[in-house]
Amino acid sequence: MRRLVLALALVTSALSTAAPARSDSTATVRVDGNAFAPFEAAVDVNGTVSWLVQEGGHTIAADDGRFKFRGTNGSALPAGTSVSFAFGADEFVAYHCEIHGGPGGQGMAGRVRVGAPPAPAPYPEPLIRVPADAPTLAAAVAVAAPGYRIVLAPGDHPVVEPVEVAVDKLTIAGTDATTRLVPVAGPRGFPSTALRLTGSHVRVERLRIGAFRASGVHLDGANAAEVLDVHVDGAGFMLDGIVATAVTGAAVRATTTTGNRRAGVRVADCAACGVLIDGVQSSYNKIGLHLEAVRGVTVRRSAVNRNASGIVAGANRLSAPLRHVTVSLLDNIVTDNTDGVRISGASDTLVTRNVVGGAFTWDGVGRNVTFVNNRDPAGARREPALDPTASLR
């Protein structure tokens, strides 16, 4: 018999242990940085899964509606909440955050494996194959509906104009590591961008993208969009590899950006971003990761190296009134850059457990800016140098 337990409790220092408690009858999932970790929790039949909310601003809802954990009056769960649910049959149970994800594994989502269920069915959404069903990616997007999946065959796929993706809950996927979007000159010259995402819960995965004029992928207000296993090579020509502006709940995971004239990944101008950059490799750009005028961006487990500047996070000094950035930099390796990490105009910001080579500076502006347990490449503890001019560069 299923039972639901909702317990609001402050999570103490036990949450900071290296790995969640886990046995055959129980499993623990951490809710942090727009992600459920682990993605798949496993328990025996009649086992219980607990979710520990380390970062507020999320809900937890089963795709089939069997549970829906929210805060007071239907709001997001606050940090420090613990919720649990018992599962009583051999099955897979998918769930998601209603704010940053959606049913079917969109955005911030996870699942529970109970006992020994049969393998999950293939994706249920209709499939458009390029070029078998539609001659080009643009043609496939033009006929797609919400929930569709577009799969590109191996090889190069020419893009003459930026592909505008306004369809919600659409997935665009490559077949293998040879699937690539390449710019081709059209009536207006070379296209500025390969993909411009404006729909919500759009997912782009397993693609290589060549050097367009402005960016490889632009998340332009594309809430809860996800870029996964995408490799962008700017070839010293393109401005930015991946750009996210005015978004909420987007994620860039396991992605590589190289050779861009401005930034490998740039996130800008969002007041409640909820953006996660996780496992990204950014190299040989002017700036590896550029976070400007953002609130609520987490960068974790990423490698940022051989750029002129590694990670730059700062307010937009041209805006009035000045809006401080709010970011979390966790467990990143930032080495072989001239400027390693530069923070300016920040508030409620945490920089911890990073390996930082090159200049490490903070302009001293803002409140609740914490640097703890950062190290240099040799393993020595490292604190940022106070540089009041950092915000002017």
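One table, with the values for the structure above:
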quantity: Residue under evaluation Thr257, criteria (1) at pLDDT below 95; (2) under 13 Å from His290 (Cα atoms), criterion not met; calculated: (1)
quantity: Members of the stretch 204-218 that are of a type outside the set (Phe, Trp, Tyr) and in a loop (DSSP other than H, G, I, E, B); calculated: Gly210, Ala211, Arg213, Ala214
quantity: The stretch 323-370, subset under 19 Å from Thr389 (Cβ atoms) and small (Gly, Ala, Ser), residue surrounded by the fewest Cβ atoms within 10 Å (Cβ to Cβ); calculated: Gly364
quantity: Residues of the stretch 218-243 that turn out to be farther than 21 Å from Asn305 by Cα and aliphatic (A, V, I, L, M), as a count; calculated: 4
quantity: Where a residue in the stretch 156-170 is over 18 Å from Arg208 (Cβ atoms) and its partner, wherever it lies, is hydrophobic (A, V, I, L, M, F, W, C) and assigned to a strand (DSSP E or B), with Cβ under 8 Å and at least six apart; calculated: Leu170/Ile150
quantity: Subset of the stretch 292-312 (residues that are under 15 Å from Asn354 (Cα atoms) and assigned to a loop (DSSP other than H, G, I, E, B)); calculated: Arg301, Ser302
quantity: Options Val45, Val83: the member that is more than 27 Å from Val252 (Cβ to Cβ), of a type in the set (A, V, I, L, M, F, W, C) and outside any loop (DSSP other than H, G, I, E, B); calculated: Val83
quantity: Filtered residues of the stretch 183-196 (kept if under 23 Å from Glu226 (Cβ atoms) and either of a type in the set (A, V, I, L, M) or more than 29 Å from the chain's Cα centre (by Cα) (or both)); calculated: Ala194, Leu195
quantity: Per-region count, the stretch 69-91, residues more than 16 Å from Asp32 (Cβ to Cβ) and under 23 Å from the mean Cα position of the chain (by Cα); calculated: 2
quantity: Residues (in a strand (DSSP E or B), within 14 Å of the chain's Cα centre (by Cα) and surrounded by fewer than 24 Cβ atoms within 10 Å (Cβ to Cβ)) located in the stretch 219-242; calculated: Leu228, Asp229
quantity: Members of the stretch 273-293 found to be among the hydrophobic types (A, V, I, L, M, F, W, C), more than 14 Å from the chain's Cα centre (by Cα) and modelled with pLDDT under 95, listed by number; calculated: Ala293
quantity: Strands (runs of 3 or more DSSP E) wholly inside the stretch 251-291 containing at least 3 residues that are more than 11 Å from Ala308 (Cβ to Cβ) and in contact (Cβ under 8 Å) with a residue 60 or more places away in the chain; calculated: 275-278
quantity: Only one of Thr175, Thr136 that is free of Cβ contacts under 8 Å to residues at least 24 places away in the same chain, more than 21 Å from the chain's Cα centre (by Cα) and outside the structural domain of Phe36 (by TED's automatic domain parsing); calculated: Thr136
quantity: Number of the condition not met by Tyr95 [criteria: (1) at pLDDT 90 or above; (2) within 30 Å of Ala211 (Cα to Cα); (3) outside the structural domain of Ala222 (by TED's automatic domain parsing)]; calculated: (2)
quantity: Set Gly88, Gly33, Gly57, Gly80: member being modelled with pLDDT of 90 or more and at positive phi; calculated: Gly80
quantity: Among (1) of a type outside the set (Lys, Arg); (2) assigned to a strand (DSSP E or B); (3) touching a residue at least 24 places away in the same chain (Cβ under 8 Å), the one test that Leu350 misses; calculated: (3)
quantity: Segments classed as strands (runs of 3 or more DSSP E), wholly inside the stretch 131-202, with at least 1 members that are at pLDDT 95 or above, of a type in the set (Lys, Arg) and touching a strand residue (DSSP E or B) at 6+ places or on another chain (Cβ under 8 Å); calculated: 180-183, 193-197
quantity: Residue within the stretch 314-322 that is crowded, with 23+ Cβ neighbours inside 10 Å and modelled with pLDDT of 95 or more present; calculated: no
quantity: In the stretch 134-165, the residues that are over 17 Å from Val182 (Cα atoms) and surrounded by fewer than 14 Cβ atoms within 10 Å (Cβ to Cβ); calculated: Ala142, Val143, Ala145, Pro146
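Rundown of residues vs (1) touching a His at 6+ places or on another chain (Cβ under 8 Å); (2) under 21 Å from Arg149 (Cβ atoms); (3) surrounded by 16 or more Cβ atoms within 10 Å (Cβ to Cβ); (4) of a type outside the set (Val, Ile, Thr), yes/no style:
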position	(1), (2), (3), (4)
Phe36	no, no, yes, yes
Thr59	no, no, yes, no
Arg66	no, no, no, yes
Gly71	no, no, yes, yes
Ala89	no, no, no, yes
Glu98	no, no, yes, yes
Val112	no, no, yes, no
Pro117	no, no, no, yes
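The values are calculated or read from the model by the stated rules, or taken from the named source; none is laboratory data. As the structure is a computational prediction, the values presented were derived from the model and not from experiment. Reconstructed Cβ throughout: ideal geometry from the backbone, glycine too, with neighbour counts over all protein chains shown.
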